[in-house]
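The structure under discussion appears below in the form of structure tokens.
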Amino acid sequence: MTTGLWELVLTGVWTTVQLLVLSALLGAAVAFVAGIGRVHRWWAVRFLAGFYTEVFRGTSALVMIFWVFFVLPPAFGWQLVPLWAGTLALGLTYGAYGAEIVRGALLAVDPAQNEGGIALGFTPGQRLRRILLPQAVPEMIPPFSNLLVELLKGTALVSVMGMGDLAFSGNLVRLALQESAEIYTYVLLIYFVIAFLLTRLMRGLETRLKAGLR
């Protein structure tokens, strides 16, 4: 490939990384809010968190991207740029899966730990911050690592908006060179390298969190 085509691919890699980071941050925030809401003592909060989780887990991420980018703008009279539309759609969609990870990890904490906090006079917020989350978060890391890799692969969906991510840039290069096998092999390898780095990063984070807990 020529230098110009490699620059196009590298630009696509940078766009994919930006989208991944922004979507992961939004998804993590939503996952913790909805996951904690799923185990809240108030019924209304549990219902709202459960409703969000079921709706976004039960809908296609691709259709959600179409909805955010093509349907909402005419309805509200504004237009999102593709990066923010993709971030919103992917963050909310994968955040719903993350909410179940958070809920499961919180429920897996020994009930005696929570009872001990009650005996010490901790408020529900204090029990969450000082007892439940410090023990639950390290257990969330492995499934969150898998979800992050799935999110990386899901970023390719934004190419339907004409966003110049890695998948979109790879396709442009393929059209320019009329060479599918070589180009898509490069694209696959780049996705693999990013995914491998993500898993190693999350594994290191898990090790540090568990060491701190001990």
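The values are calculated or read from the model by the stated rules, or taken from the named source; none is laboratory data. On a predicted model such as this, the values are computed, not experimentally measured, just so you know. Note that each Cβ is placed from the backbone with ideal geometry, even for glycine, and that neighbours are counted across all protein chains shown. What goes into the accessible areas is simple: the full protein's heavy atoms, side chains included, and nothing from ligands, DNA or RNA. Shrake-Rupley method; radii C 1.70, N 1.55, O 1.52, S 1.80 Å.
Per residue, the average separation of C-alpha pairs within less than 8 Å and at least 6 apart gives the range 88-214 a relative contact order of 28 percent.
For the chain, the Cβ-based charge dipole about the Cα centre amounts to some 800 debye (Lys, Arg positive; Asp, Glu negative; other atoms uncharged).
Using only side-chain charges placed at the Cβ, +1 for Lys and Arg and -1 for Asp and Glu, the dipole size of the range 51-150 relative to its Cα centre rounds to 220 debye.
The order of the peptides 63-76, 22-35 by mean Cβ neighbours within 10 Å, most packed first, is 22-35, 63-76. With a cut-off of 8 Å between alpha carbons and a minimum separation of six or more residues, what is the relative contact order of the range 1-88 in percent? Relative CO of the range 1-88 lands at 31 percent. Under a 10 Å cutoff between Cα atoms, tell me which one of LEU148, LEU175, LEU166 has the largest fluctuation in the Gaussian network model of the chain. With Cα springs under 10 Å in the chain, the top fluctuation among LEU148, LEU175, LEU166 is at LEU175.
Over every Cα atom in the range 56-172, the radius of gyration and the widest Cα-Cα span, Dmax, amount to 19.3, 63 Å.
Once C-alpha pairs closer than 8 Å and six or more residues apart are averaged by separation and normalised to the residue number of the range 1-147, the relative contact order reads 30 percent. Which distance in Å, rounded to a whole number, links the C-alpha centroids of the range 128-192 and the range 18-94? Cα centroid of the range 128-192 versus Cα centroid of the range 18-94: 17 Å apart. Taking the Cα centre of the range 128-214 as origin and assigning +1 to Lys and Arg Cβ atoms and -1 to Asp and Glu Cβ atoms, the resulting dipole is close to 660 debye. Springs between Cα atoms under 10 Å define the GNM used for the chain, and in it the highest mean-square fluctuation of GLY116, GLY164, GLY95 occurs at GLY116.
Sparsely packed loop sites in the range 1-106 (the trypsin sites (Lys or Arg not before Pro) outside DSSP H, G, I, E and B with at most 13 other Cβ atoms within 10 Å) comprise ARG41. Average accessible surface for the chain: 55 Å² per residue, computed with a 1.4 Å probe over protein heavy atoms with every protein chain in place.
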